[in-house]
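A short worksheet on the structure shown next.
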Amino acid sequence: MKPVVLVTRKLPDAVEDRLRREYEPILNPDDTLYTSDQIIERAKGADAILPCHTEKFTAEVIARLPESVRVIANYSVGYDHVDTEAATARGLIVTNTPEVLSDATAELTIMLMLGAARRASEGEQLVRSRQWKDWSPSFMVGTQMTGKRLGIIGFGRVGRVVARRARGFDMQIHYHNRKRVPTEFEEGAVYHETCEQLMPHCDFLTIHCVASPETTKLLNAERIALLPDGAIVVNAARGVVIDDEALIAALKSGKLAAAGLDVYNDEPDIHPQYRKLPNVFLMPHIGSATKETRDAMGFRALDNLDAFFAGREPRDRVA
Ligand code: DGY
C-alpha cells in the first residue's frame, strides 16, 4: 500500500503528478488555507503531512495530530512554523527544503535592494496614477547601489548567493554569522564578530538568518542607530527579525533612506504604517516564487519522504 500524504496547499502540477505516482495523496485543489482543526481532521489516516510555512504546527497542534502521522515534510526552507521540540518529543521526523531556494531568494533580495534604492514603489505609483508630469534633474533621485558596502547578517546558502550577485554591482561584502565561514566561502567578504561591529559598514543591510528566539527583533533601534545615515535595509528572511516600530521610526526620521521588505510580522496583516511610507518597497513573501524553485521545493520534499518511507535518514532532517 502506498503511504498516505496530506498535502495542505495546492502544489505545482509536476509535484502533484509525482505525488500521485508514489503516494496516496490527500490534495487541496482549491488551495484553501486550512485551520489547525481542519488539518488535524484531514490528517486522519495519513502517514505524512506535506505542509507550507502557512500552517502552524504548535505543540498543541502536534499533540492532537493522529497517531498515524510519522513525518512532516515541509515545503519550505524555514521551519519556524513547526515546534520541533514538540515534534521530537512526539517521535515525529521533520524535514525542510534547503538549497533549492537560494537563487530565487537571492534574486528577490537584489530586487528589494534596487527597488528600495531607486524608489520603485513611488515611481510605479506615479506612472500608474497618471501623476507623472515631467522630468527634472531632481526628480525621483535615489541611492546608487554600485560600489557600495553590503552587510549581510546570516552568511549561509542564501546570504552567500546574495553576496555573489551583489559583487556584480561591485559591492564590497561585509557579514556577520554565528561562526566565521571558511575562507573559500568568504570570497573576500569581511567577517564581523557581532552585529554591532557590522552595522557601521553597511550602506545596504540584508538579513538572511533563521527565525528563532535569538534572532527575534535582531534589527532593533540600538542597531539601526549604528548604521550609517541614509542606509538601506532589506529583509527576505522572516518578519520576526525586525522590530517594526524601530524600523518605521528610522524610515520616518530619515535615518534610513529606504527599506525593501518581502516578509513581515503577522503576515499578511502587516504593520499598517508600512503601507503609508513611500520609502518602503513592499513585496508579498515571494522570495521562492519562481516556477523552477517551486517545482524544486516540491521534489526536494518528496525526496525526503521517499527516504523516510524507504527506511533511510531523510537528507534534510531538521528534527
Ligand atoms: C521558505 O521556504 O521558508 C519560504 O519562506 C516559503 O515558505
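Residues that are surrounded by fewer than 18 Cβ atoms within 10 Å (Cβ to Cβ) and either at negative phi or not assigned by TED's automatic domain parsing to the domain that holds residue 154 (or both) were ranked within region 229-245; the one that is nearest to the chain's Cα centre (by Cα) is 245. Applying the criterion of being buried (at least 24 other Cβ atoms within 10 Å of the Cβ) and in contact with a helix residue (DSSP H, G or I) (Cβ under 7 Å, 6 or more places away or on another chain) to the residues of region 95-114, the residue that is farthest from residue 267 (Cα to Cα) is 95. Do we have any residue at all in region 247-259 that's within 16 Å of the ligand (Cβ to nearest atom) and under 18 Å from the mean Cα position of the chain (by Cα)? Looking for residues that are within 16 Å of the ligand (Cβ to nearest atom) and under 18 Å from the mean Cα position of the chain (by Cα), one finds none in region 247-259, hence no. Test residue 40 against the stated conditions and say whether it is over 25 Å from residue 307 (Cβ atoms) and over 22 Å from the mean Cα position of the chain (by Cα). Yes.
Against the list (1) within 16 Å of the ligand (Cβ to nearest atom); (2) under 26 Å from residue 309 (Cβ atoms), the condition residue 158 fails is (2). Residue count for region 282-301, restricted to those that are in contact with a strand residue (DSSP E or B) (Cβ under 8 Å, 6 or more places away or on another chain) and within 15 Å of the ligand (Cβ to nearest atom): 2. For region 90-105, filtering for residues that are within 12 Å of the ligand (Cβ to nearest atom) and of a type in the set (A, V, I, L, M) leaves 3.
The values are calculated or read from the model by the stated rules, or taken from the named source; none is laboratory data. A quick note: this is a predicted structure, and the numbers were derived from the prediction, not measured. Cβ atoms come from the backbone with ideal geometry, glycine included; neighbour counts cover every protein chain shown.
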